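Quick notes on the structure that follows.
All of the numbers you see were taken from the coordinates with simple rules; none came from a lab. Bear in mind the structure is a predicted one, so any value in this text is a computation, not a measurement. Cβ coordinates were reconstructed from backbone atoms using ideal geometry, including for glycine residues, and neighbour counts include every protein chain displayed.
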Amino acid sequence: MKCHHCDKQATVHLTQILNGQMHKMDLCETCAQEKGVTNPENLSIGNLMEQDGAEVDSVSGSMVCETCGTTHQEFKKGGRLGCEACYHVFRPVLDPLLDGMHAGVRHQGKVPAGSKSRVDFEQSIELVRKELQEAVEREDFEKAAELRDKLHDMENESKTIA
């Protein structure tokens, strides 16, 4: 795991529970000493983020989600977003934080079986299967070959996200 502030290996792992929410930060030895982590009094991940400059200066102060009304200050204080739209509104603040904590800022894991995106993907596979069958019945073998290859790629992708 890499340091939240630089690209060195993180050796200090902080966990803070604030208002029932767990906040984690990983630091290398050098950054931990610079941030004063060796003195645990008055240690706050929010303070570390402010010191780091992870906050987007004056723009972040005016950020408000139009869908749920969550402000940047509420997010900063509680560590929780109000709705899905908040992820887009607070992206300038979230991306640097997530990039330091994870291998990237884009989800590349499994998709739950009942999720809308999973159902839509499975329906599109079925649609390609039907088109393939129709192309074979029409004896349009060039189109059938294209659809076969497309279906093969989609099924491989399905195995990856399953």
Within segment 124-162, DSSP-loop GluC sites (Glu not before Pro) with at most 11 other C-beta atoms within 10 Å are GLU139
Going from the fewest other Cβ atoms within 10 Å to the most, one would list PHE121, PHE75, PHE141 as PHE141, PHE121, PHE75
Taking LEU97, LEU127 and counting other beta carbon atoms within 10 angstrom, the fewest-first order is LEU127, LEU97
Residue-ordered couplings for segment 116-123, obtained by feeding phi - 60° into the Karplus form 6.51 cos²θ - 1.76 cosθ + 1.60 and rounding to whole Hz (Gly and Pro as x), are 4, 5, 5, 5, 4, 5, 5, 5
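Past 26 Å, Cα to Cα: identify those pairs from LYS130/LYS159; LYS2/LYS159; LYS116/LYS143; LYS2/LYS76; LYS24/LYS77, in the order given. Write down the numbers at each step before the final one.
Values: LYS130/LYS159 20 Å; LYS2/LYS159 30 Å; LYS116/LYS143 29 Å; LYS2/LYS76 23 Å; LYS24/LYS77 14 Å.
Check vs 26 Å cut-off fails for LYS2/LYS159; LYS116/LYS143.
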Karplus ³J(HN,Hα) for segment 72-85 (6.51 cos²θ - 1.76 cosθ + 1.60, θ = phi - 60°; Hz, whole; x = Gly/Pro) runs 4, 5, 5, 5, 4, 6, x, x, 10, 8, x, 7, 5, 5
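Which FRET efficiency value, to the nearest 0.05, do you get for THR15 and ARG148 by plugging their Cβ-Cβ distance into 1/(1 + (r/R0)^6) with R0 = 41 Å? List each step's numbers first, then the result.
Numbers: r = 51 Å, r/R0 = 1.24.
For THR15 and ARG148, the calculated efficiency is 0.20.
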For GLU157 and CYS83, extending 7 Å from Cα along the Cα-Cβ vector and measuring point to point gives, in nm, a value of 2.9 nm
If amide H atoms are modeled at 1.01 Å from N in the peptide plane, then the residues at a separation of 5 or more from HIS4, or on another chain, having amide H under 5 Å from its own are ASP26, LEU27, CYS28
Applied in sequence order to segment 131-148, the curve 6.51 cos²θ - 1.76 cosθ + 1.60 (Karplus, θ = phi - 60°) yields integer Hz couplings, x standing for Gly and Pro, of 4, 4, 4, 5, 5, 5, 5, 7, 6, 8, 6, 5, 5, 4, 5, 4, 5, 4
